[in-house]
Structure formats: structure tokens, C-alpha cells
Amino acid sequence: MSAKLNGHSTGRHVSTTVNYFLETPEKVNDAFYLGTVGERRRKHDTAEVTVEDIRGREGDFSLDVQGFQLVSNVSSEKAFADDGKIKAEYYPECETLLKTTTKATRVIIMGHTIRRRDHDVAMEEEKDLPDLHAVGGPTNARWVHVDQSYLGAQERLAIYAGSDAQQLSQTRWAIINIWRAIKPVERDNLAFCDARSVSEEDLHECVAKFVTRDNERDRDDTKDYANMYTNKKDNHLWGVKRPADAGGHRWYYASKMTPDEALLLKIFDSRLDGTARRTPHTAFKCEEDHGPTRESLETRCLVFWET
């Protein structure tokens, strides 16, 4: 299957719908509680899009141009069942991967999220729970977003770099996510958007909050949200609005990803010279989905090029 996109011949592609940020007069989507049932119930601006497969031309895409890059990378860890082992053995592999791929001099890993739960099953199981009830576990994220806004990136730098934050902010730095399949992916693929096709006007800052025992709102449980971040401070991130022109965003995915690959996603870059600064992304469904629930691991990293 082939198509034409912005005048360039493309390869295989699939059609799907994605959930863009929905602006409302009441600004109800400008903040939400992370890891709660209510987070998944938010309303979205749904749009039909074409998502192009990068298979066979992976080398045409890079972190600094489009904002994403697929690399071959075999991990010694296979099960990803033990958080302590992930931190002790997989985190150093992530640090090496980023330094080798980007020529960075320093990497600080902020945390990771493991997703093994089916989104639709979770929605059905939790349909009668109150909004502030904790979810039973992370699922694939089915809304177009960037994990940190520019403000959010600065906040993460201050939190995780600590006393070195001021010095490190004087050099080039970035936030890069490493996305890896735990088992071969047959459904709920991850779509990522060419950073060059997303204007600043398409970005809408919103706040992901954490519910705690001290929160003023009533809650019927106090279950902590597993390993989303080691620090539970509010996170400013980008929601992404539907582009003004139909098809204005250029969407891609890598079909049938395996555990021996790593997808690098640019979340933030301090460079202002045209380098890709942020890559919107989302999980999506399509007619080709089959097989077991998708299992994946996402690791969030601060990356520095010290001079």
C-alpha cells in the first residue's frame, strides 16, 4: 500500500483515529490527576489520520531532524519484572545507548513506566469507579501528548539534577525517552509525529497532578501510582491540538517492533537552532491489530552535552 504525503512518495501506511487535546470554555482538560480513573475518562478531539510505516527506511529519521529515531539495541534484561534489577542493570544500558547514539556526555535517568494492561479492558473494569480512584496499572496512552512542556522540562531538570541543575542548564541538554517492546508488538502501536510538522500554536500546556493523602479532594483509596516518576511533583506537559490544516501533522510508526530495538523520542531540547525540540506521540488502534496485549517499557532520561 502506498500514498502521497506532502509531495513525497511514501510506503506502507495505516488509517486510524487519534485523540487530540480538546479545548473547552471551562478549561476542564487543562489539569488532571495522573494514574486515576478520571484521567482515562477525559474527552478528546478525535481526528482521522494516516500513519506511515518507517520500516525499510529507518535511517531516514533522526532525533535532531524529525525528533525520533529507531535503533537496534539488544538488552541483557528480558522479563522486566523486577524494578530493582531494571534500575541496576537496564538503566546503565540506557545510559550507554544514549551516549553512543547522541554523543552526549552525561545521562540522568528519571524513571520508567511498564505497561502490560489492555486499555479497553481497563476502561471496562473501572467504569463504575469514582474519578479519583487509582487505576489498576498503566495502560497504553491513547492521547496525543509530549511528556513535558518547556516549563515542565525545566522543572524536571531542577528536581533530578539537584545542585548541578544550574551548571547543567548552561550547556545543551534534552529529555529523551527510550521506548522498548517487552514482547513483539502486534497491536496498539506507538505513533510519533514529525516535530517539524507541529507548530507551537498546536501545543497546549496542561498539568498532570498526583493525588496524595493530603489532597483536599475526597478519595476512597490511597494507592500510590506505580513507578511513573520517582518524584511525585506536578508535571507540566504538552497536550496537542488538532492542526489547522487536515493532514498537517505527519504521523509515523514502526511496525512489529521487537525487544531488540529501541525507539528514541525527543521530549525536550534546549537548542533553538531548528533542531527538533519535541515529538508528540500516542498509542493507536487499527484494523491489523491482533494477538495479546502490548507490553512495553518507557524510560525517561535527562541528557547533557557538557562543554
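The values are calculated or read from the model by the stated rules, or taken from the named source; none is laboratory data. These numbers were taken from a predicted model, which means no experiment stands behind them. Note that each Cβ is placed from the backbone with ideal geometry, even for glycine, and that neighbours are counted across all protein chains shown.
The table below gives the values:
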{"item": "Hits in the range 80-90 - residues which are surrounded by fewer than 19 Cβ atoms within 10 Å (Cβ to Cβ) and either under 21 Å from the mean Cα position of the chain (by Cα) or part of a strand (DSSP E or B) (or both)", "result": "Ala81, Asp83, Lys87"}
{"item": "Residue in the range 193-212 that is nearest to Thr24 (Cα to Cα), counting only those that are of a type in the set (D, E, K, R) and surrounded by 20 or more Cβ atoms within 10 Å (Cβ to Cβ)", "result": "Asp202"}
{"item": "Top-ranked residue of the range 252-307 - restricted to ones that are of a type in the set (Ser, Thr, Tyr) and farther than 20 Å from Arg142 by Cα, ranked as surrounded by the most Cβ atoms within 10 Å (Cβ to Cβ)", "result": "Ser270"}
{"item": "Pairs, first without any contact (Cβ under 8 Å) to a residue 40 or more places away in the chain in the range 72-85, second part of a helix (DSSP H, G or I), C-beta under 6 Å, six or more apart", "result": "Glu77/Glu89; Glu77/Tyr90"}
{"item": "Residue, nearest to Leu297 (Cα to Cα), within the range 259-284, restricted to residues that are touching a residue at least 40 places away in the same chain (Cβ under 8 Å) and of a type in the set (Gly, Ala, Ser)", "result": "Ala262"}
{"item": "Residue match in the range 138-148 (condition: assigned to a helix (DSSP H, G or I) and either β-branched (Val, Ile, Thr) or farther than 25 Å from Gln69 by Cα (or both))", "result": "no"}
{"item": "Cross-chain or 6+ apart pairs with Cβ under 6 Å, the range 138-153 first and within 14 Å of Trp251 (Cα to Cα) and among the charged types (D, E, K, R), then crowded, with 21+ Cβ neighbours inside 10 Å and at pLDDT 95 or above", "result": "none"}
{"item": "Pair list, Cβ under 9 Å, 6 or more apart: the range 42-65 residue closer than 15 Å to Ser197 by Cβ and assigned to a strand (DSSP E or B), other residue of a type in the set (A, V, I, L, M) and at pLDDT below 95", "result": "Ala47/Ala246; Thr50/Ala3; Thr50/Leu5; Glu52/Ala3; Glu52/Leu5"}
{"item": "Inter-residue pairs, beta-carbon under 7 Å, first at positive phi and assigned to a strand (DSSP E or B) and in the range 285-300, second β-branched (Val, Ile, Thr) and modelled with pLDDT under 95, 6+ apart", "result": "none"}
{"item": "Set Lys43, Lys85, Lys4: member being more than 27 Å from Asp289 (Cβ to Cβ) and either at pLDDT 95 or above or not aromatic (Phe, Trp, Tyr) (or both)", "result": "Lys85"}
